[in-house]
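Everything on this sheet refers to the single structure shown next.
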């Protein structure tokens, strides 16, 4: 019964961690009579814990400070792309600007290497491109961004500002409340009299400490975002424009005309041969199917004609205009 009472008091304390000591004592009075020591310990822990701002507006909670334009917490990010002649010198200047503003280089990437072959047969004198991720204090963000833009020819420039004030205030309030909750559970553990009470409270303490560490991690990340701004600087090396190509010289004269005529004729002949081959390829499937069938029909007709018996010679034709006896058999 004592373990159940202690655990019930711990749950009540966790749900009302932002309330004052009088409210915690009232909750303790609702516990069973079999655990008076646990209830008294809960009241003492609630009274000794520091007052935490309550998100639900409970009595005795400290109100959150009013958010104004002066105390807003802004996270700034920017992407800047430049074209410069000497990338090594430009990258060194960018590092110096970040260090001078109180920041540092979070990441550096270089593409291309010195001494590699160039398209014109020349040798490169430095990297082809690079990228710097700079972390600078938010107070120096705009000034540093303008100084970086002056190091070369700006190709693109993008900026973004995120207001994290409400998130920071909310997480800070939750951290303070969770810390008070952890302290109260520890105070209950100090008053525990049995092993069952200690085991139950240790499990509850571990859970609340894990929640507290998660909130503290969020608080650290938000603090880093609002205190240091991120500028991603991408650099490209300026390349010389290739010389304009000379126009091809036009050939004149008899032999040039003959060559053009031959080329044109050859082109026409190639087109004709190509067309014939395409037509033959299109007709070939039909020839493969209909050719043997036609040959069989022709062969069958020829055999039928050869098997027909020879008949009597046709009778001579009689000419009605010829006189009797003028025929070929007339002896006269």
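The values are calculated or read from the model by the stated rules, or taken from the named source; none is laboratory data. These numbers come from a predicted model, not from an experiment. When we count neighbours, we look across all protein chains shown, and the Cβ atoms used for this are built from the backbone with ideal geometry, even at glycine.
When restricted to residues that are closer than 15 Å to residue 164 by Cα and out of contact with any strand residue (DSSP E or B) (no Cβ under 7 Å at 6 or more places or on another chain), region 203-226 contains 7. Among the numbered conditions (1) modelled with pLDDT of 80 or more; (2) not in a helix (DSSP H, G or I), the only one that residue 325 does not meet is (1).
Suppose we filter region 153-193 for residues that are outside any helix (DSSP H, G or I) and in contact with a helix residue (DSSP H, G or I) (Cβ under 6 Å, 6 or more places away or on another chain); how many remain?
Applying the first criterion (outside any helix (DSSP H, G or I)) to region 153-193 yields 153-164, 192-193.
When the remaining residues are screened for being in contact with a helix residue (DSSP H, G or I) (Cβ under 6 Å, 6 or more places away or on another chain), the result is 164, 192.
Within region 153-193, residues that are outside any helix (DSSP H, G or I) and in contact with a helix residue (DSSP H, G or I) (Cβ under 6 Å, 6 or more places away or on another chain) number 2.
Is one or more of the residues making up region 229-246 at pLDDT below 90 and part of a helix (DSSP H, G or I)? So far as region 229-246 goes, no, none of its residues is at pLDDT below 90 and part of a helix (DSSP H, G or I).
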